[in-house]
Each structure stands twice: as C-alpha cells, then as structure tokens.
Amino acid sequence: MKLLTGTLFAAGMATLLVVAMAWSARNLAAGRAIYATGSNPTAATLAGLDVPLVKFSVFTIAGALTALAAVINAARFTQVPSNSGLGLEMKVIAAAVVGGAAIRGGRATLLGTVLGVVLLGAIGPALTFLGVNAYWERAIQGAIILAAVVVK
C-alpha cells in the first residue's frame, strides 16, 4: 500500500510540475527567453537576452528538478541503489527527440516530450510481454531516435 501511495504522490508531483512548466513556457517572459535561446542564441543575444544567464538558469533548474526527482524516488523505496539511474540517458534523449525536440534546438513542447516519455515507457514492458530479449530494447530505442531524426 505504501508503494501505491508513493507512486500516486510521484505521479501527482510530476503532473503538477509539467503543467506549471508548460504554462510558464507559454506565458512568462522567462519561458519565451528559453525558447529563443534554444532556437537561435545569436538572435536571442541581438534581441537583448543574456544568453549565458538563460543557459545557467536552465541548467540550475534542471539540477534542482533532478534532486527533487531523486528525493521522491528515495521516498518511494526503502532502499535505493547508487546506480538506479544508470543507463537512462538514452531513454531521456529518445523521449525528447520522439516528443518533438529538434536536435539543433527550438521546436519542442512539454506535452510532446511527455508523450515521448509515455511512448518509450511503454516499449520496455511491451517487449517483455512479447518475449523479446531485453538487449533489443536499446536497439529499438536507437532505431526510434534515428527514425525521429530522419523524419525531421
């Protein structure tokens, strides 16, 4: 029961954060500055934005959200192995690319990224259910990234 409560709490926190970030990206000047910097840093500088400050702020917020995710993950389980996030880098990149993030920057939406996360989160259990070897999961993720890059 504790695991279910923790999972619901984590899902609620993630949903709340996604909604807040999507709203701020659309409606606040800081969100527009992030899109402008990601799309074309030179044009953002010419428009009067402090591009290094925007990049520093984005990385700082990403670090804080990573720490929050680690705390929520630690609260869900009694033991958290030190290598629990090892190997998730490819899934993160794949989710962002599948969700619409351009490799060169500028066109992503938060909703698209969430949909990419849901899609790639469903692939692993689906392959297990179909009896596919676990080693093929990374190959399929790589193929999805390649397909998403080629389509763009």
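The values are calculated or read from the model by the stated rules, or taken from the named source; none is laboratory data. Predicted model only: the values in this text are computed from it and were never measured. Here the Cβ positions follow ideal geometry from the backbone for every residue, glycine too, while neighbour counts run over all protein chains shown.
Of everything in region 123-152, what is in a helix (DSSP H, G or I), of a type in the set (D, E, K, R) and loosely packed, with under 15 Cβ neighbours inside 10 Å? Give them in sequence order. Break it down into steps so the answer makes sense when it comes.
Step one: filter region 123-152 for residues in a helix (DSSP H, G or I), giving 123-130, 136-151.
In the following step, the residues that additionally are of a type in the set (D, E, K, R) were identified as 137-138.
Hit for region 123-152 is ARG138, nothing else.
Contact map, region 12-31: residues that are without any contact (Cβ under 8 Å) to a residue 60 or more places away in the chain paired with residues that are of a type in the set (S, T, N, Q), Cβ distance under 6 Å, separation 6+ or inter-chain. Pairs shown: GLY31/SER24. Contact map, region 55-78: residues that are within 15 Å of GLY12 (Cβ to Cβ) paired with residues that are polar (S, T, N, Q) and part of a helix (DSSP H, G or I), Cβ distance under 7 Å, separation 6+ or inter-chain. Pairs shown: ARG76/THR7.
Of the candidates THR7, THR42, THR15, the single residue that is among the hydroxyl-bearing types (Ser, Thr, Tyr) and farther than 14 Å from ILE72 by Cα is THR42.
Only a single criterion out of (1) closer than 22 Å to ALA102 by Cβ; (2) free of Cβ contacts under 8 Å to residues at least 24 places away in the same chain; (3) part of a helix (DSSP H, G or I) is not satisfied by ILE34, namely (2). When LEU120 is tested against (1) outside any helix (DSSP H, G or I); (2) within 15 Å of GLY87 (Cα to Cα), only condition (1) is not met.
Test ALA143 against the stated conditions and say whether it is more than 25 Å from THR7 (Cα to Cα) and free of Cβ contacts under 8 Å to residues at least 24 places away in the same chain. So ALA143 fits the description; yes. For region 106-121, the count of residues that are in contact (Cβ under 8 Å) with a residue 40 or more places away in the chain, touching a helix residue (DSSP H, G or I) at 6+ places or on another chain (Cβ under 6 Å), more than 23 Å from ALA14 (Cβ to Cβ) and not assigned by TED's automatic domain parsing to the domain that holds THR42 is nonzero.
When region 48-97 is limited to residues that are outside any helix (DSSP H, G or I) and hydroxyl-bearing (Ser, Thr, Tyr), the one that is surrounded by the most Cβ atoms within 10 Å (Cβ to Cβ) turns out to be SER84.
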